[in-house]
Amino acid sequence: MSRGRLAGEAPRALARALAEREPGHALPRAFHLDDEIHAHELTTIWRASWLFAGVSAQAAAPGEFFVFALGDDAMIVVRDDRGRVHALHNTCRHRGMPVCAQQSGRVRRWVCPYHQWSYALDGALLGAGGMEAQLERSRYGLHRAAVAEIGGLIFVWAGPDPQPLGAAEPQLSAALAPQGLARAKVAHRIDYRVAANWKLIWENNRECWHCRSGHPEYVRANFDIAPANARTRALLAARSRDHARTLGALASAPGEWGAGAAEHEEPGLYGFPTAGRWWAANRTALAPGFVTESLDGAAVAPLMGDYPAHDVGTLRVRTVPNFWCHASADHAVLTRLAPAGPECTQVTVMWLVDADAIEGRDFELERLLAFWKLSEQDWELCERNHAGVRSPAYTPGPYSRAREYNVAAFVEWYCERVAPAAGR
């Protein structure tokens, strides 16, 4: 925090950048470079949103845990002996030492390595190294973050005053139910450190204008950038009807099937996100010859969840500010963002398959990873984009109304989130 600026006060750089911003255009460079704007985002967005932290499979049994780091705040996500999931801030209530040094594992309790204060799986203080007589134990448990488990996905709210999940919980639950993520396992995980601001990575994900040149393999499997002519519209509609019949009663969102072949992955949900909707889920058809998102279109793993067949299109889920997922009938690929500074983002990609699937017998890891490992193409694009934004010569250009409306919607959502404290 700059000297002379009160806690909670918006940085002057943010007010200047907001005043400079032109609606319908990319963000001014300060939004991607300024340290104080980044710190303000951590407070107004990242610590005041439901964040995707991980999946149920990472904390499936009592004592199993994983750590989700958000800047300087690391949260331990753990399942207790009664099957409940908790999110605990990883800082001892004595003098602040992290009580957990591993990124994942299984424990019976937490013991601070400094002075051996110990805590139950739910964070309650058990022992304080001989100081118990002078403490009211109920006051000194590990600080907790709000946590929610929805359809095999785990979300945390890192800051104070968590908002109710509201309609997000039943809608996401219904969409995720056939996928069976709660009965899945993590087949593989890759962590990337991308030298780009997190907003540039979100913008990249929110449009497929770049896909024809940047992702030729993806284009073969998907309708996202297909010309919106009568033939492709009819083909997409026919594929969607076929998938809906296959799914039958399992169809999770029958009103959200794609009906047209615009340059867009989510027909019927134009302009995501909005001020009151931080989540979205829909099913979309794959191109003819593709029953899953693989390089050749053929299945790469056994069926997941309750799917009766492989050829049911893909389930797509997005939650701002840090999660998107493409899930075929045989596997799901989940991407999580976490800012590591204004010019760096930690990106985690996980591949999930049915819990009973065995590598080498039911699936080959190389074939499972091949299609979405090409997302590394995007990380290079984002890093090059960020390098260009760093140039003093950079000026924000206009968004395409036909191809970048989701990008524009994301930027409007972002500005609404950071602007109130700046007097906007």
In whole Å, largest first, what are the principal axis extents of the Cα atoms in region 126-224?
68, 36, 30
Inter-probe distance in nm under a simple model that places probes 7 Å from Cα toward Cβ, at Arg144 and Arg403:
4.9
Taking amide H positions as placed 1.01 Å from N in the peptide plane, with prolines and chain starts having none, which residues 5 or more places from His188, or on another chain, fall under 5 Å of its amide H?
Trp351
Which values, in whole Å and largest first, are the semi-axes of the equivalent ellipsoid of the chain obtained as the square root of 5 times each eigenvalue of the Cα gyration tensor?
36, 30, 18
Isolated Cys residues of the chain, judged by Cβ distance under 4.7 Å to other cysteines:
Cys100, Cys325, Cys344, Cys382, Cys415
At 222 nm, what helix-only mean residue ellipticity would the chain give, in deg cm²/dmol to the nearest 500, using -39500 (n - 2.57) for each DSSP H run of four or more?
-7000 deg cm²/dmol
For Asp35, what charge total do you get from the other residues with a beta carbon under 11 Å from its beta carbon, if Lys and Arg give +1 and Asp and Glu give -1?
-4
Round to a whole angstrom and tell me the spacing of the C-alpha centers of region 326-366 and region 116-180.
24
How would you rank 79-90, 330-341, 125-136, highest first, on the average number of other Cβ atoms within 10 Å across their residues?
330-341, 79-90, 125-136
Between Glu132 and Asp296, with labels modelled 7 Å along Cα→Cβ, what's the label distance in nm to one decimal, could you check?
6.3
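Every number here is computed from the coordinates shown, using simple stated rules; none is lab data. Note that the structure is a prediction, hence the values are computed from the model and not measured. Note: ideal-geometry Cβ built from the backbone for every residue, glycine included; neighbour counts use all protein chains shown.
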